[in-house]
Each structure stands twice: as structure tokens, then as C-alpha cells.
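Working notes, structure below.
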Amino acid sequence: MEKVYDVLILGAGPAGLTAGLYAGRSGLSAGILEQGQDGGQIANTMAVENYPGQCLDGESGTSLAARMAAQAEQFGAARIQDTIQAAELQGQIKRLTGLQGEYLARAVIIATGASPRPIGCKNEAEFVGKGLSYCATCDGPLFRNRAVYVVGGGDAAVEEAVYLAKFAREVTVIHRRDRLRAAKSIQERAFQHPRIRFLWDTVVEAVDGDGVLSAMTVRNTKTGERRSIAASPADGLFGLFGYVGLLPNTALFQGVLNLENGYLVTDGRMKTNLPGVFAAGDVRAKSLRQVVTATADGAIAAVEAEKYLHG
């Protein structure tokens with residue numbers, strides 16, 4: 001007979017790991033399904049500085065995720081490595097089909113997260129977490145008194161440029177057009193800031209460096225002219241933040257669960273439109289995507305799943 005878990009959790013980021021911790025601690029049989037490494041987006045973060053209770057002498061995204069995973073395992077949550085390709089979420093027993101097998105559960109918590117849309121430049125993947133980031137709140141303070149570049153022209157890009165200007169010596173917004181898409185009120189704050197400047201009609205074609213990001217090639221979209229930008233010798237590196245959008249990992253659930261701009265819609269109890277199916281973390285339609293909000297979502301989802309299972 002196939003094993004039927006009380007709850008299966010899709011994703012081993014902060015939301016999924018917290019859900020596994022709470023579910024296991026409540027005595028539920030829980031399995032955490034993940035296709036990659038633990039931690040989700042924070043696994044690419046050089047240093048975490050704003051998570052309550054973190055190690056004050058230094059905390060990387062991978063170290064924080066490892067401790068979360070160890071806690072979930074301590075309370076009996078099983079870690080399952082597989083890539084889920086199909087999900088049958090209707091009915092009392094839910095079925096998840098992966099490359100390695102099928103998994104059954106009475107409840108499912110979706111914590112598949114959202115992935116930053118890549119900038120689209122050469123060598124990009126090599127420098128994620130080594131100067132290239134998609135989260136100013138996470139990594140901005142690491143570039144105190146250094147030069148920082150922000151790619152994008154929408155609300156998020158310009159708001160984060162203003163935020164980064166609290167730490168950086170100077171912030172340059174690189175935008176492929178000659179005007180921003182951000183709301184006028186946000187634009188005005190950026191234009192009036194003494195440490196923010198703009199590189200118009202420009203895209204980043206390639207990034208480079210010896211272990212850390214210290215050079216990039218940019219191209220003017222109108223003239224085709226290319227030029228190199230290098231970090232000052234005194235700095236040794238610069239920060240490059242990509243804000244060209246997020247891609248919620250919800251392809252499996254289209255046409256089955258309610259979506260808003262690609263994100264899963266839930267109520268305050270993390271319930272989706274299907275009984276016994278919950279969502280937590282960055283995959284949800286929400287206003288703030290941070291580790292602390294993801295862990296809160298995971299805790300609520302697990303508690304509500306337990307209530308669902310016990311009628």
C-alpha cells in the first residue's frame with residue numbers, strides 16, 4: 001500500500017521548512033519535496049542581517065537554511081528530493097507525481113516560491129551571491145560606501161535604488177529606455193536624491209570578475225555602442241541588483257488554483273480555493289516577500305492544515 005502522508009510540502013525554502021517544522025512538531029506525518037537545495041532564494045544570499053535570532057557573528061543564506069532544515073528533520077519531517085511534474089489536488093487524497101515516484105497526502109502546502117527574472121547577461125549565474133543580487137533588502141547593507149547599479153525601470157527597481165542609496169556611495173539605475181515606468185511619485189524621489197544617477201537606453205550584456213563582480217559590459221540600445229564599467233581599485237567590487245521582474249513558480253497550478261498576476265491567491269489562513277490545499281511564502285499574492293514573512297506563512301499554513309485534517 002502506498003504511503004499517505006498527512007501533509008506534503010512543495011518547496012524547501014523558509015516557508016516550506018517552517019511548515020515542515022510545525023507539521024512534524026504537531027505529530028503529523030510530513031514530507032518536504034524539493035528539486036534543488038534547501039533555502040530557496042536565500043541560498044543565493046551572501047549574508048543575512050535582518051532575520052530575528054540569526055547568528056550575529058555572521059549568517060549566510062545557506063547556513064540559515066541548513067539550521068531550518070535540521071529543525072524540520074528533528075521533528076520528523078521527511079526530506080524528499082524530486083522534481084514534481086504533475087499535481088492532482090482535488091479530492092480527499094492529493095497526488096503529486098515526480099520524476100522519482102508518486103506521493104500521496106491528505107493535505108498539501110505549496111511553497112514553491114518565486115524566482116527573480118534574470119537580467120539576461122552573459123556570466124550572470126556565476127556571480128549571483130558574489131556581487132549580483134535580486135534583493136536590496138537582503139544584500140544592500142553589504143555594499144556600504146561602494147558603487148551599486150540597479151537594472152530596471154519599474155516601481156520595484158526605483159524604490160530599491162532609493163533604498164540602496166542609504167548605504168551605497170552612489171547608485172546608478174540602468175534602464176533600457178529613456179524614461180522610467182515607475183510611478184511619478186517614486187520617480188521624483190529618485191531624481192531628487194543626490195546619490196542616484198541614471199544610465200539611459202542601456203542594457204547589461206556581460207558581467208565579469210575574479211571571484212567577485214568587478215566589471216561589466218553595457219550597450220547603448222540606440223547607438224549600439226559598448227563600453228566597460230569596472231570597480232574602483234579601492235573597492236575591488238561593486239553591486240549589481242536586478243529588478244526586471246519575478247517569475248512565480250506556479251506553472252503546475254494554472255487552471256486549478258486561483259491566481260493573481262501568476263501568484264497563488266489565499267486568505268489570511270493560507271487557504272487556496274481547494275479544500276486541503278494551502279500556500280505559503282513568495283508564491284502567494286502578497287505585499288512583502290522576505291524570509292520573516294515566509295516563515296510566518298509556513299507556520300500558519302501548517303497549523304491550518306492540522307485543523308483541516310482534524311475536521
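A few notes on this one:
- The residues Ile109, Ile300, sorted by heavy-atom accessible surface at 1.4 Å with ligands and nucleic acids left out, run Ile300, Ile109 from largest to smallest.
- Taking a straight Cα-Cα cut-off under 12 Å and skipping sequence neighbours fewer than 8 places away in the same chain, the aspartates and glutamates within cross-link reach of Lys184 are Asp155, Glu159.
- Heavy atoms of Val256 accessible to a 1.4 Å probe, total area in Å² rounded to 10: 50 Å²
- Net lengthening on full extension, Asp208/Gln85 (0.36 nm per residue, minus Cα-Cα): 40.8 nm
- Between amide H atoms placed 1.01 Å from N, distances below 5 Å from Ala183 occur with Asp155, all of them 5 or more places distant or on a separate chain.
- Within the chain, the longest segment free of exposed loop sites, counting GluC sites (Glu not before Pro) that fall outside DSSP classes H, G, I, E and B and have at most 13 other Cβ atoms within 10 Å, spans 3-224.
- Under a 5 Å amide H cut-off, with hydrogens placed 1.01 Å from N, Ile109 pairs with Leu8, Ile9, Leu10, Phe278 among residues at least 5 apart or on other chains.
- Taking a span of 24 Å or more along the helix axis (Cα atoms) and a mean Kyte-Doolittle hydropathy of at least 0.0 as the rule, the DSSP H helices of the chain that qualify are 291-309.
- Rounded to whole Hz, the Karplus (6.51, -1.76, 1.60) HN-Hα couplings of the stretch 195-204, x for glycine and proline: 9, 10, 10, 10, 10, 7, 6, 9, 10, 8
- Violating pairs (Cα-Cα greater than 22 angstrom) within the set Lys122/Lys222; Lys94/Lys286; Lys3/Lys94: Lys94/Lys286
- Of all the options Gly239, Gly27, Gly224, the one that moves most in a Gaussian network model of the chain with Cα springs shorter than 10 angstrom is Gly224.
- Residue with peak Gaussian network fluctuation, the chain [Cα springs, cutoff 10 Å], from Gly91, Gly20, Gly153: Gly91
- Remark on the chain: Cys55, Cys121 stand apart, with no other cysteine beta carbon under 4.7 Å.
- Expected 222 nm ellipticity per residue - DSSP helices of 4 or more, -39500 (n - 2.57), all of the chain, to 500: -6500 deg cm²/dmol
- A simple rule links phi to the HN-Hα coupling: the Karplus curve 6.51 cos²θ - 1.76 cosθ + 1.60 with θ = phi - 60°, which for the stretch 106-113 gives 7, 9, 10, 10, 8, 9, 7, x Hz, with x for Gly and Pro.
- Using the Cβ-Cβ distance between Arg181 and Arg269 with R0 set to 35 Å, the FRET efficiency from 1/(1 + (r/R0)^6) comes to roughly 0.50.
- Label point at Arg169 placed 7 Å out along Cα→Cβ; residues across the stretch 48-63 whose backbone nitrogen lies under 20 Å: none
- The amide H of Gly98, built 1.01 Å from its N in the peptide plane, has Gln85, Tyr103 as neighbours under 5 Å, considering only residues 5 or more places off or on other chains.
- Take every DSSP beta bridge whose two residues both sit in the chain; close to 40 percent of them are antiparallel.
- In the stretch 145-229, chymotrypsin sites (Phe, Trp or Tyr not before Pro) in a DSSP loop with at most 16 other beta-carbon atoms within 10 Å: Trp200
- The chain - Debye-derived log10 I(q)/I(0), Cα point model, q = 0.14 Å⁻¹: -1.02
The values are calculated or read from the model by the stated rules, or taken from the named source; none is laboratory data. Note that the structure is predicted; figures quoted are calculated from it, not measured. When we count neighbours, we look across all protein chains shown, and the Cβ atoms used for this are built from the backbone with ideal geometry, even at glycine. Heads up: the accessible areas ignore ligands, DNA and RNA and are worked out on the full protein's heavy atoms, side chains in. Shrake-Rupley method; radii C 1.70, N 1.55, O 1.52, S 1.80 Å.
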